[in-house]
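Chemist: Following this message is one structure expressed as structure tokens.
The values are calculated or read from the model by the stated rules, or taken from the named source; none is laboratory data. A quick note: this is a predicted structure, and the numbers were derived from the prediction, not measured. No Cβ is skipped: glycine too gets one built from the backbone with ideal geometry, and neighbour counts run over all protein chains shown. Keep in mind that these areas ignore ligands, DNA and RNA; they rest on the heavy atoms of the full protein, side chains included. Shrake-Rupley method; radii C 1.70, N 1.55, O 1.52, S 1.80 Å.
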Amino acid sequence: MTHAITAEGIAAESARLNVPIQSLRDLPDGAGYTAKDGRAGVELRKEGDNITVTGRCDSISRLYHFYREMSLEQYNEIDSLRRELSRLEKFSATQTAELKAMHEEQSKARDKPPETRHWWTLAGFVAGVLCASPIRKLKNKITTLIKK
């Protein structure tokens, strides 16, 4: 099985924060400014004599988790479908073997001569001889009576 992973471009977004320098000097320690525009965000914070700037883009992580969950769901569905296909193939093979066995049994029954055929032939011959003798005697008696 081959999996192809393609990279999709993510549109650039930016957040701007314009703060005058005097406003930054007047900030107490730990205070700051934040700006957010779409996925992008920026934070400006005063920590002692330093100014810390932090930028973020949170949707890349969300996109990663979304596509990961989607691919895991697809893998689970594929595995489920493979198991079902395997089960159906086994069932089909069993049914085919049973039908083949039934067909072979019917073919043997059709092709095999009855084991008692010679006994029935002998019984028919004996019955014919036994029946023919009395009928011949009766015929002879009737013909002699008619001739007289």
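Chemist: Taking the conditions exactly as written (surrounded by 10 or more Cβ atoms within 10 Å (Cβ to Cβ) and at pLDDT 85 or above), does ALA35 satisfy them or not? Break it down into steps so the answer makes sense when it comes.
Modeler: Details: surrounded by 10 or more Cβ atoms within 10 Å (Cβ to Cβ): yes; at pLDDT 85 or above: yes.
Spelling it out, ALA35 is indeed surrounded by 10 or more Cβ atoms within 10 Å (Cβ to Cβ) and at pLDDT 85 or above.
Chemist: Another question, then. Can you tell me which condition LEU72 does not meet? The list is (1) more than 26 Å from VAL19 (Cβ to Cβ); (2) touching a Cys at 6+ places or on another chain (Cβ under 7 Å); (3) not hydroxyl-bearing (Ser, Thr, Tyr), and all the others hold.
Modeler: That leaves (2) as the condition not met.
Chemist: Could I ask something else about it? Residue by residue through the stretch 38-47, note down the ones that are over 59 Å from the mean Cα position of the chain (by Cα) and surrounded by 16 or more Cβ atoms within 10 Å (Cβ to Cβ). Explain how you work it out, then say what you get.
Modeler: Residues of the stretch 38-47 over 59 Å from the mean Cα position of the chain (by Cα): 46-47.
Correct list: LYS46 only.
Chemist: How many residues does the stretch 30-47 hold that are closer than 18 Å to SER14 by Cα and assigned to a strand (DSSP E or B)?
Modeler: 10
Chemist: From the set of residues in the stretch 48-87 that are of a type in the set (A, V, I, L, M, F, W, C) and assigned to a strand (DSSP E or B), which is nearest to the chain's Cα centre (by Cα)? Break it down stepwise before answering.
Modeler: From the stretch 48-87, those of a type in the set (A, V, I, L, M, F, W, C) are 51, 53, 57, 60, 63, 66, 70, 72, 78, 81, 85; that's our starting set.
Then drop every residue that is not assigned to a strand (DSSP E or B), which leaves 51, 53, 57.
Working: ILE51: 60, VAL53: 53, CYS57: 40 Å.
The qualifying residue nearest to the chain's Cα centre (by Cα) is CYS57.
Chemist: I'm told LEU63 meets every condition in (1) more than 30 Å from VAL19 (Cα to Cα); (2) in contact (Cβ under 8 Å) with a residue 24 or more places away in the chain; (3) open to solvent by 80 Å² or more (accessible area, probe 1.4 Å) except one. Can you identify the failing condition by its number?
Modeler: Only one criterion is unmet by LEU63, namely (3).
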